[in-house]
Amino acid sequence: MVQKVVEVVGTSNKSFAKAAENAVMEAAKTLHGMKWARVADLEMKLDNKKIVEYRATTRIFFNVER
């Protein structure tokens, strides 16, 4: 088996978990055979002292079709 990895950045105004879920859901629209996902980086967009957006850079592993 050979796998490929792509990075997708998901965003949410609710949580890091929802941002990661959004990244996976968006990738699922075009990728087939997804097997694993790993959050590689977490970021927050701020407006003064308030968090206005969560970002999760997610690495998604999927099988290469032959």
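Amide H neighbours of residue 53 under 5 Å, counting only residues 5+ apart in sequence or on other chains, H built in-plane at 1.01 Å?
Those lying under 5 Å, H to H, from residue 53 are 45.
Any chance you could give the angle, 0 to 90 degrees and rounded to 10, that helix 16-27 forms with the longest Cα principal axis of the chain?
Between the helix axis and the principal axis of the chain, the angle is about 40 degrees.
Strictly over 32 Å apart at the Cα level, which of 14/35; 4/49; 4/50 would you flag in this model? Intermediate results must be reported in sequence, preceding the final value.
Working: 14/35 26 Å; 4/49 39 Å; 4/50 37 Å.
As for pairs spanning more than 32 Å Cα to Cα, those are 4/49; 4/50.
With a 1.4 Å probe and all protein chains left in place, how much accessible area per residue does the chain have, in Å²? Write down the numbers at each step before the final one.
Numbers: 5020 Å² over 66 residues.
Result: 76 Å² of accessible area for each residue.
Leaving ligands, DNA and RNA out of it, report the carbon-plus-sulfur percent of the accessible area of the chain at a 1.4 Å probe. Don't skip to the end; give the middle numbers.
Working: 2600 of 5020 Å².
In the chain, the share of accessible area belonging to carbon and sulfur is 52 percent.
Pick from 13, 48, 22 the residue whose mean-square fluctuation is largest in a GNM of the chain, springs joining Cα atoms under 10 Å.
Highest fluctuation of the listed residues: 48.
Can you compute the modelled spin-label distance between residue 65 and residue 31, with each label point 7 Å from Cα toward Cβ, in nm?
1.5
What whole-number value in cubic angstrom gives the convex hull volume per residue for the C-alpha atoms of the chain?
On the way: hull volume 4.4 nm³, N = 66.
Considering the Cα atoms of the chain, their hull volume per residue is 66 Å³.
The values are calculated or read from the model by the stated rules, or taken from the named source; none is laboratory data. Just so it is clear, the structure is predicted and the values come from calculations on it, not from any experiment. With ideal geometry, Cβ positions are generated from the backbone for all residues, glycine too; neighbour counts draw on all protein chains shown. Only protein heavy atoms, including side chains, enter the accessible area calculation; ligands, DNA and RNA are left aside. Shrake-Rupley method; radii C 1.70, N 1.55, O 1.52, S 1.80 Å.
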